[in-house]
Amino acid sequence: MTAVDLKAFLDRLATVSGEVILPYFRTSLSVDDKSRGGAFDPVTAADRAAEQAMRALIREHFPTHGIVGEEFGAEQGEADYVWFLDPIDGTKSFISGMPAWGTLIALTHRGTPVLGMVHQPFVRERFSGDGAGAHYRGPAGERALMVRDCATLADAVLYTTSPLLMQAEDRKRFERVEAMARLSRYGGDCYAYCMLAAGHLDLVIETELKPHDVIPLMPIIAGAGGIMTTWEGGPANTGGRIIAAGDARVHAEAMKVLAG
């Protein structure tokens, strides 16, 4: 199986998941809470059905590959090739009828992310990357993705899904960065990272992320020329506290403020 074949299969997974999800969007669907008494963590039939559809396709075509998904956990997680699936990243937006959500799909090889995609089927956009390049496909046509220059926090547009998702001490650190940024906005979930890769914003800072939230984004951000790490500068694929930037200079400045 060549890299071209794997990219085509990635597209197929995105198409299948979108076909499953869209009939649920902006309908009166039931919502379950996975938090078991903690912060509200919604899941819907659309999440589960889309992940099941993608898992079935992977098992059919790549039975030796592993799968790690948000809704149904890991199978063959120690395989050389492992698919990471987040059927609806931004479920809170999804159940609110807002379009800031997407399906996240990644392929890792021996632990290294090699392919990633964000698919937003409602607006018909796909953002993909392989670490060496990143691409957009949608109503605006097709083009390469490229981050923009941003030398300092004073020039930066900063995004996070919500500071309320952060622990109190992390929120204080975030607020120090926010006070120095040119503009701070909330919302976006995975879509904010796509806009960073497309050169429309400069920083995304978040916490409490899982590997399936992060790994599909890494080949896109890297392929567009950006940088994505933990707050401590470690590999992002572990999840946790994540900072993504389009310019290494603003990444470094934000890291110093977060550590201060």
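Per-structure values
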{"quantity": "Residues that are over 15 Å from the mean Cα position of the chain (by Cα) and in a loop (DSSP other than H, G, I, E, B), drawn from region 98-120", "calculated": "MET98, ARG110, GLY111"}
{"quantity": "Condition check for LEU196: in contact with a Gly (Cβ under 8 Å, 6 or more places away or on another chain), part of a helix (DSSP H, G or I) and either over 25 Å from PRO87 (Cβ atoms) or at pLDDT 95 or above (or both)", "calculated": "yes"}
{"quantity": "Residue list for region 43-77, filter: more than 22 Å from GLU19 (Cβ to Cβ) and either part of a helix (DSSP H, G or I) or out of contact with any strand residue (DSSP E or B) (no Cβ under 7 Å at 6 or more places or on another chain) (or both)", "calculated": "PRO63, THR64, GLY73"}
{"quantity": "Which listed residue, of ARG26, ARG12, ARG48, is at pLDDT 90 or above, closer than 15 Å to ASP89 by Cα and of a type in the set (Lys, Arg)", "calculated": "ARG48"}
{"quantity": "Cβ-Cβ under 6 Å pairs, at least 6 apart or on other chains, region 12-28 side closer than 14 Å to GLN120 by Cβ, far side among the aliphatic types (A, V, I, L, M)", "calculated": "ALA14/MET117; SER17/ALA50; SER17/MET54; ILE21/ALA46; ILE21/ALA50"}
{"quantity": "Qualifying residue in region 203-216 (condition: under 10 Å from the mean Cα position of the chain (by Cα) and without any contact (Cβ under 8 Å) to a residue 60 or more places away in the chain)", "calculated": "yes"}
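The values are calculated or read from the model by the stated rules, or taken from the named source; none is laboratory data. Computed from a predicted structure; not experimentally measured. So basically every Cβ, Gly included, is an ideal-geometry build from the backbone, and we count neighbours across all protein chains shown.
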